[in-house]
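The values are calculated or read from the model by the stated rules, or taken from the named source; none is laboratory data. Every value quoted in this text rests on a predicted model; they were computed, and no experiment measured them. Virtual Cβ from ideal backbone geometry, glycine too; neighbours counted across all protein chains shown. Keep in mind that these areas ignore ligands, DNA and RNA; they rest on the heavy atoms of the full protein, side chains included. Shrake-Rupley method; radii C 1.70, N 1.55, O 1.52, S 1.80 Å.
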Amino acid sequence: MLIKSAEYIISSPDYKQCPKADKPEYAFIGRSNVGKSSLINMLCNNDKLAKTSATPGKTQLINHFLINKEWYIVDLPGYGFAKVSQSQRKKWEKMIEDYLRKRKTLMTVFVLIDSRHTPQKLDLEFVNELGKWRVPFCLVFTKSDKENQRTVSQNVQSFLNKMRETWQFLPQHFVTSAIKKTGREKILGLIQECNEEFEEENE
Ligand SMILES: Nc1nc2c(ncn2[C@@H]2O[C@H](COP(=O)(O)OP(=O)(O)OP(=O)(O)O)[C@@H](O)[C@H]2O)c(=O)[nH]1
Ligand SMILES: [Mg+2]
């Protein structure tokens with residue numbers, strides 16, 4: 001899919017204040033610092049679109065970006081960021097849960113996982129929550145340029161094996177690098193398919 005335009009629309013403190021739900025939408029979520037904003041920029045060929053930072057906790061609101069004037073990318077705050085108060089964290093969790101469960105045009109969630117690490121409890125817990133809520137998602141293993149290929153595929157397989165313990169079907173997964181642009185075409189391909197589905201359903 002060709003990206004002809006990508007524009008920042010709005011940052012919302014909760015799902016009720018998001019743009020009108022009339023276009024297919026894709027949310028990016030994962031631990032703080034896993035590379036959500038960088039992946040969004042890589043997909044859109046625009047390094048200045050979503051704000052990235054070496055300091056975790058940069059993204060704090062629900063950020064909508066309009067792509068090709070026909071679909072939305074949503075940059076969400078990271079989970080598992082240690083340096084926030086308990087009450088602040090509760091507030092974020094509620095905001096994210098409401099958004100994920102109530103946003104009607106959300107086609108799929110991309111859950112980002114750092115490909116350098118063996119399966120982390122927090123990530124597994126999060127995908128299990130999504131399952132419980134029946135929110136469709138796929139997995140994206142990020143920063144693959146930072147480790148050798150063998151380690152990356154071992155980490156990916158271990159994560160999938162962990163999921164197999166409780167899941168009957170495994171979600172689709174992608175391996176990406178924002179620097180090398182790995183995985184870009186595949187992710188955009190999936191989005192295109194979902195966009196077509198959305199159109200058929202809303203004709
Ligand atoms: N080498 C490499 N570095 C990356 C990649 N993706 C992200 N980074 C770096 O990781 C850091 C965090 O990236 P962000 O995109 O800001 O991460 P985020 O998940 O949006 O972070 P929060 O919004 O704080 O939750 C930055 O220093 C990025 O340059 C990648 O694929 N390869
Ligand atoms: Mg971010």
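General observations
- Qualifying residue in the range 45-60 (condition: open to solvent by 70 Å² or more (accessible area, probe 1.4 Å), within 11 Å of ligand 1 (Cβ to nearest atom) and of a type in the set (S, T, Y)): yes
Here is a yes/no grid of residues against (1) part of a helix (DSSP H, G or I); (2) loosely packed, with under 13 Cβ neighbours inside 10 Å:
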site: K69; (1), (2): no, yes
site: V74; (1), (2): no, no
site: Y99; (1), (2): yes, no
site: V109; (1), (2): no, no
site: H117; (1), (2): no, no
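- Of the residues making up the range 161-180, those that are within 16 Å of ligand 1 (Cβ to nearest atom) and either free of Cβ contacts under 8 Å to residues at least 24 places away in the same chain or open to solvent by 70 Å² or more (accessible area, probe 1.4 Å) (or both) are H173, I179, K180.
- Residues that are near ligand 1 (Cβ under 7 Å from one of its atoms) and of a type in the set (S, T, Y), drawn from the range 11-44: S32, S37, S38
Yes/no matrix, rows are residues, columns are (1) within 16 Å of ligand 2 (Cβ to nearest atom); (2) of a type in the set (D, E, K, R):
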{"site": "K16", "(1), (2)": "no, yes"}
{"site": "A21", "(1), (2)": "no, no"}
{"site": "F28", "(1), (2)": "yes, no"}
{"site": "G35", "(1), (2)": "yes, no"}
{"site": "T55", "(1), (2)": "yes, no"}
{"site": "L61", "(1), (2)": "yes, no"}
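- Scope the range 121-156; condition in a loop (DSSP other than H, G, I, E, B), under 23 Å from M42 (Cβ atoms) and open to solvent by 60 Å² or more (accessible area, probe 1.4 Å); matching residues: P136, E147, N148
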